[in-house]
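The values are calculated or read from the model by the stated rules, or taken from the named source; none is laboratory data. As the structure is a prediction and not an experimental result, all values here were calculated from the model. Glycine also receives a Cβ, built like all others from the backbone with ideal geometry; neighbour counts cover every protein chain displayed.
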Amino acid sequence: MPGKLIMTWDINPEHEQEYFEFVVREFLPHVQRLGFQMSDAWVTVYGEQPQIMVGATLPTIAEINQVLRSEEWDALIVRLLDYVTDFKYKIVSATGGFQF
């Protein structure tokens, strides 16, 4: 069964412009190079939820866990943390619909 990585975070307002440049030019392309298929991206405009939610899938949960244990993934997340706060993630079985 396909697995889905669901990531959430808030953008650090002091680094908003740099954040957008990093995410578009480096983060998302790198996630795809690691084998993930981007499935969805959401922005919260009102309420007390994480500001950003991104979903990415791989054929199995085991493959997601393998990527998340890699040094390449760790380095990518360290870079993301320069621009965001409250980064969290979870791994679920992909159902094909909206998942939070």
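Observations, loosely collected:
- Qualifying residue in region 40-47 (condition: closer than 17 Å to LYS4 by Cα, within 11 Å of the chain's Cα centre (by Cα) and modelled with pLDDT of 95 or more): no
- Residues of region 50-62 that turn out to be more than 14 Å from the chain's Cα centre (by Cα) and either under 10 Å from LYS4 (Cα atoms) or buried (at least 16 other Cβ atoms within 10 Å of the Cβ) (or both), as a count: 3
- Yes/no for GLY47 being loosely packed, with under 13 Cβ neighbours inside 10 Å, out of contact with any helix residue (DSSP H, G or I) (no Cβ under 6 Å at 6 or more places or on another chain), of a type in the set (Gly, Ala, Ser) and part of a loop (DSSP other than H, G, I, E, B): yes
Residue-by-condition table, conditions (1) assigned to a strand (DSSP E or B); (2) more than 13 Å from the chain's Cα centre (by Cα); (3) at pLDDT below 95:
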{"site": "GLN17", "(1), (2), (3)": "no, yes, no"}
{"site": "ILE64", "(1), (2), (3)": "no, no, no"}
{"site": "GLU72", "(1), (2), (3)": "no, yes, no"}
{"site": "LYS88", "(1), (2), (3)": "yes, no, no"}
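- Going through (1) surrounded by fewer than 11 Cβ atoms within 10 Å (Cβ to Cβ); (2) in contact (Cβ under 8 Å) with a residue 24 or more places away in the chain one by one, GLN17 falls short only on (2).
- ASP10 vs. criteria modelled with pLDDT under 95, surrounded by 12 or more Cβ atoms within 10 Å (Cβ to Cβ) and either on the phi > 0 side of the Ramachandran plot or among the charged types (D, E, K, R) (or both): no
- Residues in region 25-39 that are under 12 Å from the mean Cα position of the chain (by Cα) and exposed (fewer than 14 other Cβ atoms within 10 Å of the Cβ) were compared, and the one that is farthest from ALA62 (Cα to Cα) is PRO29.
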